């Protein structure tokens, strides 16, 4: 993938190189988010499922005062905000859990855990964060993926999602299929998801214009989610594409030193404005989505009106997300 084209006017000799900036690693514990909960709810997952996950997480948080394993987990998760792992060091030297000062520290850490729950960050089992790339063997069909975990390739249905997507169809139900030929390419490497290269549009592109240059995907094998969730149609634009800024095509050598400084400052302002637009669109989407999910089956007209608003906000959000690369001018107006 060519990220930057060479400038023939540049006096410095260029060299082709390959830089490895990240590798697939053992995935950390997977969580839900406010956006993901809203999309799963729209897809038919009942609210009782999320309430059950939350209650289990709260019970686990309470156990930090009684179980050393739970206390160590919380102490390590929040060690940097705990005066350089104070609680973890106290536990490692054998200080009992009922020691008053340790109880005080653990109470503070438990409250930090609960703050994450209020933000929708609820832990979920049988789910993983995996780096995604394209199928090097070109054998997977468009609705298939190859998922490699610790014990090798898996098979069966999986849910695939990419943060921070907002469209109803951004959660895909796909079939995990073992591919022997991939083993010859990756060797003993683990923890990754391979997408098909077949079809008009890749599955990654259908998830908010994602790609295969290191994006991380949320992959779930949770049986209840697979049973309850119904996939929607993938994202298509509801608004016309905003025009791109033509000055983006100009190279640094086309500017005078003073003009280049002005252009770089302008691009900095544009990037900041697109970030603001993205945040406003995301917050507005969540408010409208929450309202939409609270309506009953009888509120047909109101749900239709809200759905149109939500689809417009999704387009604005994705345009703002790509604005630094595409040069599009994005304005939040619905």
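Rule-based calculations on the coordinates, nothing more; no lab input. The structure presented is a predicted model; accordingly, all values stated were derived computationally and were not measured. So basically every Cβ, Gly included, is an ideal-geometry build from the backbone, and we count neighbours across all protein chains shown.
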In cubic angstrom per residue, the convex hull of region 49-118 built on its Cα atoms measures 74 Å³
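Starting from the Cα-Cα distance between residue 115 and residue 99, subtract it from 0.36 nm times their residue separation and give me the gain in nm to one decimal. Numbers along the way, then the final one.
Numbers: separation 16, 0.36 × 16 = 5.76 nm, distance 2.46 nm.
Gain on extension, residue 115 to residue 99, equals 3.3 nm.
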What residues from region 122-153 fall in the zone where the backbone N is under 13 Å from a label point 7 Å along the Cα-to-C-beta line of residue 183?
-> 151-153
If you project the alpha carbons of the chain onto their three principal axes, what span does each projection cover, largest first, in Å?
-> 69, 60, 48
How big is the gap, in Å, between the Cα center of region 177-237 and the Cα center of region 59-128?
-> 34 Å
With a ≥ b ≥ c the root eigenvalues of the C-alpha gyration tensor of region 10-62, is it rounded (a/c under 1.5), prolate (a/b larger than b/c) or oblate?
-> prolate
Using a 10 angstrom cutoff on alpha carbons, build the Gaussian network for the chain and name the most mobile of 68, 201, 121.
-> 68
extent check for region 258-321: Cα max minus min per principal axis, descending, whole Å, gives 62, 14, 11
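Direction-averaged shadow area of the convex hull around the Cα atoms of region 125-228, nm²? Could the numbers behind the result be given before it?
On the way: hull surface 25.3 nm².
That works out to 6.3 nm².
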In nm, give the distance between the simple-model label positions of residue 7 and residue 23, each being 7 Å from the Cα along the Cα-to-Cβ direction.
-> 3.4 nm
Counting only C-alpha contacts under 8 Å and six or more residues apart, can you give the relative contact order of the chain as a whole percent?
-> 18 percent
Per-selection Rg to Rh, region 1-140 - Cα, Kirkwood hydrodynamic radius = 1.17
GNM top mover of 21, 160, 185 - the chain, alpha-carbon springs below 10 Å | 21
Could you pull the Cα extents of region 63-182 along its three principal axes, largest to smallest, in whole Å?
-> 60, 32, 23
R0 of 41 Å, Cβ-Cβ distance residue 14-residue 236: FRET efficiency to nearest 0.05 | 0.55
